[in-house]
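Data block below; observations after.
The values are calculated or read from the model by the stated rules, or taken from the named source; none is laboratory data. Being a predicted model, the structure only gives us computed values, none of them experimental. Ideal geometry is used to build each Cβ from the backbone, glycine not excepted, and the neighbour counts take in all protein chains shown.
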Amino acid sequence: MSKLNDANVRLDAALARLEAAVTTRREAEGQAVGAVADNKRLQDELAQLRTDFVALQETSGTVSSRLDDAIGRLRNMLAE
């Protein structure tokens, strides 16, 4: 009976290791799925920020040009 008990102990240990490996694998897969989703979200956010940046550059250029024109007109008025 001792051999049978030893075999049962080894089998229980092997099953415990297998269950631990399956659990670790599932957790790793869950983290990978989360990382993919985060990556996609960050890519979308970056694309939106780039679009916003281009729009802000255009607006800034327009404002700068208008300010330069206004300053020029004020200088002309003061010079008269």
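Overview of results
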item: Matching entry among Asn76, Asn8 (being of a type outside the set (Lys, Arg) and surrounded by 10 or more Cβ atoms within 10 Å (Cβ to Cβ)); result: Asn8
item: Exclusive hit being modelled with pLDDT under 90, acidic (Asp, Glu) and surrounded by 10 or more Cβ atoms within 10 Å (Cβ to Cβ), set Glu45, Glu27; result: Glu27
item: Residue check, Leu56 over 22 Å from the mean Cα position of the chain (by Cα), modelled with pLDDT of 90 or more and assigned to a helix (DSSP H, G or I); result: yes
